[in-house]
Structure formats: structure tokens, C-alpha cells
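As C-alpha cells, the structure follows; a few thoughts come after it.
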Amino acid sequence: MHVNLLHRPSHALAQCRLDPGERVIAESGALVGMSTNVRVETQSGGLMSGLKRMIAGESFFRNTFTAEGGPGEVLFAPPLPGDMVVIEVGDRQWCAQSSAYVASSPEVEVKTRSGGLRGFFSGAGLFALETAGQGQMILGAFGALEEIPVDGHVVVDTGHIAAWESTLSCRIGKNTSTWLGSWLSGEGLVCHVEGRGSLWVQSRNASRYGATVGARLAPRQP
């Protein structure tokens, strides 16, 4: 699979070119368009796998796109305007916020795992995605994406984390010396990322954006 990312970073679009018989798996709803020789199969991967994805904020089903009778092309995009990135899975394995997943090679296994506080992100609950296998994974973000090399300890707002290398540990905590100070600061919880590896952050927080826009909307009429 060859992936070409278009219109970055504000309105990114993933153009996936498939060889004959080649497949790509994507989150339900990520499709923008495809060539006429691409066949689509919808699967849950099992009842428990589908339920885990629903609890984590994903869709119950995932779609498999296969090019038949010749090369094919599929276009994907995330639901919110922003950037996309193609991450190589294999020598390095990854964890990701569930809402960041867009698509992946069929050789990449993407599991929904309960991560306790490790997976506690704004709008994503107590779950995160975890990869295994080898191939490519396409992630989408709200806003721009920035890769941060971690060698020690960094602190990131929970709503801005998109993905992190599995060599890193994530611990949720307060952003000031006291819980009262954290609450008064308006920043809420932060993630203490420790170890050595890569961290991807998004420049916008979907929950805060929704709250800001919602507060400016006219009240609903009864």
C-alpha cells in the first residue's frame, strides 16, 4: 500500500493506492471515496472486539477494502479538520487515542485495551489502542500534528495526545502542586510521559472546542 497525504495540515486526506488483491482496513465512516474496482467488506472481528471498540468511542465495525482486477485507490479522512500521519509499525509498536485511528495495513493488529489511568484521555475514556504486527497505520488529528522526541520526562495536556510509542509510560496527574490549584488553573488533568521514544500531539482539543462552540450557540427552543 502506498499512502499519499494531501491538503495537510488543515484538511488532510489520505490517498491509498492498492496493488491488485491488496487490502486496507479502516474505521467505519472514514471513507471519502474509492475506485469502482474496490470491494468493501464490513466486519466486527467478533462480538467482544466490536463492543470494546464501541466502549472506547470507536465504531462497532471496521471495513476492509480490497482492489480487484487491477490497482485500486481509496480516500480516507478523519471526522474533524486537521492533519494526518502515516506511522510505520514493526520495529516500533504504538498506542493511540481511539479517536485518532483512521486505517491500517491488514498485517497490523490494532486492539482496544483497557489502560486504567494510562489510557485516560479527554473524550476517550479509560481505553486506548495498541498495535502489533508490521505495516502502516494512518492516524488523524484535530488540528496540526507534532512529533515530540521524549528522553526522560515531558508533561502534555491529556486532550492533546494522539499517539505514543509503546516504550513510553503515561501517568495521569495534576498540573500544579495541589488538586485545588489544578482545578483553578482551568487546565484539568495532564499526562506525565516518561521513558524514551516518540510522542505525537495534536494542536487542538476536541472536547474543549466543543464546549467553547456549544457555549456560543443559541439555546434550543422547547
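GLY159: under 15 Å from VAL193 (Cα atoms), surrounded by 15 or more Cβ atoms within 10 Å (Cβ to Cβ) and either modelled with pLDDT of 95 or more or of a type outside the set (A, V, I, L, M, F, W, C) (or both), yes or no? It is true that GLY159 is under 15 Å from VAL193 (Cα atoms), surrounded by 15 or more Cβ atoms within 10 Å (Cβ to Cβ) and either modelled with pLDDT of 95 or more or of a type outside the set (A, V, I, L, M, F, W, C) (or both).
From the set of residues in the stretch 136-156 that are acidic (Asp, Glu) and under 17 Å from GLY82 (Cβ atoms), which is surrounded by the fewest Cβ atoms within 10 Å (Cβ to Cβ)? Please lay out each step first, then the result.
At the first step, the residues of the stretch 136-156 found to be acidic (Asp, Glu) are 146-147, 151.
Among the residues that remain, those that are also under 17 Å from GLY82 (Cβ atoms) are: 146-147.
Values: GLU146: 16, GLU147: 12.
Checked the stretch 136-156; the qualifying residue surrounded by the fewest Cβ atoms within 10 Å (Cβ to Cβ) is GLU147.
Restricting the stretch 165-222 to residues that are of a type in the set (D, E, K, R), in contact with a Ser or Thr (Cβ under 9 Å, 6 or more places away or on another chain) and open to solvent by 70 Å² or more (accessible area, probe 1.4 Å), which is modelled with the lowest pLDDT?
Here is the first cut: in the stretch 165-222, the residues of a type in the set (D, E, K, R) are 165, 171, 174, 187, 194, 196, 204, 208, 216, 220.
Imposing the further condition that a residue be in contact with a Ser or Thr (Cβ under 9 Å, 6 or more places away or on another chain) reduces the set to 165, 174, 187, 194, 196, 208.
Filter again for open to solvent by 70 Å² or more (accessible area, probe 1.4 Å), leaving 187, 196, 208.
Working: GLU187: 58, ARG196: 97, ARG208: 84.
Filtering first and then ranking leaves GLU187.
If you go through the stretch 191-222 and pick out every residue that is touching a residue at least 40 places away in the same chain (Cβ under 8 Å) and assigned to a helix (DSSP H, G or I), you end up with 4. Screening GLU88 on (1) open to solvent by 70 Å² or more (accessible area, probe 1.4 Å); (2) modelled with pLDDT under 95; (3) within 27 Å of SER198 (Cα to Cα); (4) assigned to a strand (DSSP E or B) shows it passes everything except condition (2).
So, in the stretch 2-31, exactly how many residues are open to solvent by less than 50 Å² (accessible area, probe 1.4 Å), touching a Lys or Arg at 6+ places or on another chain (Cβ under 8 Å) and assigned to a loop (DSSP other than H, G, I, E, B)? The total comes to 0.
Determine if the stretch 113-125 includes at least one residue that is surrounded by 15 or more Cβ atoms within 10 Å (Cβ to Cβ), within 27 Å of ALA12 (Cα to Cα) and modelled with pLDDT of 90 or more. Checked against the condition, which is being surrounded by 15 or more Cβ atoms within 10 Å (Cβ to Cβ), within 27 Å of ALA12 (Cα to Cα) and modelled with pLDDT of 90 or more, the stretch 113-125 yields no hits at all.
The values are calculated or read from the model by the stated rules, or taken from the named source; none is laboratory data. Computed from a predicted structure; not experimentally measured. All Cβ positions, glycine included, derive from the backbone under ideal geometry; neighbour counts span all protein chains shown. Ligands, DNA and RNA are stripped out before the accessible areas are found, and what is left, the full protein with its side chains, is counted by its heavy atoms. Shrake-Rupley method; radii C 1.70, N 1.55, O 1.52, S 1.80 Å.
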